[in-house]
Amino acid sequence: MSDSLLNNSLWFIPMTFVAAPAVAADYLSIPLAQQLLFPSASSFIERPTLFDSGARSAIKSHAGTRQRQDHQPIWRVEKDGQLQGWFMVDDVIGKHEYITYAAAISADGEVMGIEVLSYRETHGAEVRDESWRTNFKGKSLKDPFKLDEDVPNISGATLSCRNLLDGVKRLLTIHELFLARES
C-alpha cells in the first residue's frame, strides 16, 4: 500500500461499549393503582394542587421533610357522590433515583394503602412487597413514623424505606393542612 493511500484512509479501531443494565421498572399505571387502592370508587376527581413557598414551608414545618414540587398530583375519590378518601402520587429519592408511589388516604387522615408505581434503584425493590407495604395501613400523623419502630427496615434498602416513610408522612401532612376541611 502506498504512503498516500495510508495517509488518506480512515482507520477504524473496534471499541467495545458496555452499557449499564437498565433497572428502572414501571409496575403500575395511575389508573391501575387507583383501582387497586380504591376498588369500589365510582370516580376520581383530579384536584389540581399548586403549593406556593408559604405552603411548602408549612408542609416542611409539620412533616419534617420538604415538599420538592410545587404541584402535587391529588385526586378526590368518591363512590356515588360520597367522599371515600384521597389518592396521591408522589416521588421520593431512594438512594440515587426516584421512587414513584401512590398513597390512598382516608377522609379521616389514615393511610389505606400504598403502591409502588416505578422503582429505579438497583437494590431495594423489596419495598414493593405487599408484606412490607402493609405496615403503612392505618398509619396517621399520630404515629411516630420512625423506621424500625412502626415500619420495619429492609436490609439493603434503608434509604428507600426511610424516604418512603417520610414521603407518606408528608402526604398525610398535606391532607391535614389542605384537604381535611373538604372531608
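Annotations
- Of everything listed in (1) buried (at least 19 other Cβ atoms within 10 Å of the Cβ); (2) in contact with a His (Cβ under 7 Å, 6 or more places away or on another chain), the single unmet condition for L50 is (1).
- Within region 101-110, the residues that satisfy the criterion of being in contact (Cβ under 8 Å) with a residue 24 or more places away in the chain and not hydrophobic (A, V, I, L, M, F, W, C) are Y101, D108, G109, E110.
- Search result, residues across region 136-158 that are closer than 18 Å to A102 by Cα and either open to solvent by 50 Å² or more (accessible area, probe 1.4 Å) or among the small types (G, A, S) (or both): K137, G138, S140, L141
- Subset of region 73-102 [assigned to a loop (DSSP other than H, G, I, E, B) and open to solvent by 10 Å² or more (accessible area, probe 1.4 Å)]: P73, D80, G81, K95, H96, E97
- Single match in I114, I105 (criterion: assigned to a strand (DSSP E or B), over 18 Å from R47 (Cα atoms), touching a Phe, Trp or Tyr at 6+ places or on another chain (Cβ under 6 Å) and not aromatic (F, W, Y)): I114
The values are calculated or read from the model by the stated rules, or taken from the named source; none is laboratory data. Remember, predicted model here, so these are calculated numbers, not experimental data. In this analysis, Cβ positions are derived from the backbone assuming ideal geometry, glycine residues included, and neighbour counts consider all displayed protein chains. Note: accessible area is taken over every heavy atom of the protein model, side chains too, but ligands, DNA and RNA are not part of it. Shrake-Rupley method; radii C 1.70, N 1.55, O 1.52, S 1.80 Å.
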